[in-house]
Amino acid sequence: MPYIKEENRNKIDYAIEELVEQFRNEIGWSDTGAANYTITRVILGCMKPVNGWTYDSLSDVIKTLECAKLEIIRRLLDKHENNAIIKNGDLNEFPSMTDH
C-alpha cells in the first residue's frame with residue numbers, strides 16, 4: 001500500500017470518509033456491483049491521463065488495482081486464514097500436483 005505522507009492523507013481522507021459513509025447509508029456495502037462501479041470510477045477518474053489512454057497508462061491502472069488487492073490479502077486475508085488454522089487445525093498434507 002502506498003503509505004503516503006500524513007499531510008497528503010489529510011487532504012483526501014475527508015472525501016474518502018464522506019464517500020464511504022454515503023455509500024454505506026444509501027447503497028449498502030454488500031452491493032458488490034455498486035462497489036465495483038465506485039472503485040472503477042474513482043481509479044479511472046484519478047488516473048486518467050491528459051492526452052488519453054495508452055497501453056502504459058492502462059497498465060498503471062491495473063498495477064495500482066493489483067497492488068491494492070495484494071495489500072488487502074496481506075493485511076486482512078492472511079490474518080484471517082492464520083486464525084482459522086489456529087482455530088480449526090491445518091491441513092495434514094497438501095495433495096501432490098501429480099495426484100488426480
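General observations
- Scanning the stretch 48-93 for residues that are polar (S, T, N, Q) and surrounded by 10 or more Cβ atoms within 10 Å (Cβ to Cβ) returns T54, S57, S59, T64, N82, N83.
- Scanning the stretch 18-42 for residues that are exposed (fewer than 12 other Cβ atoms within 10 Å of the Cβ) and either touching a residue at least 60 places away in the same chain (Cβ under 8 Å) or under 19 Å from T64 (Cβ atoms) (or both) turns up N36, R41.
Computed from the coordinates by the stated procedures, all read-outs in this text should not be read as laboratory data. Just so it is clear, the model here is predicted, and its values are computed rather than measured. With ideal geometry, Cβ positions are generated from the backbone for all residues, glycine too; neighbour counts draw on all protein chains shown.
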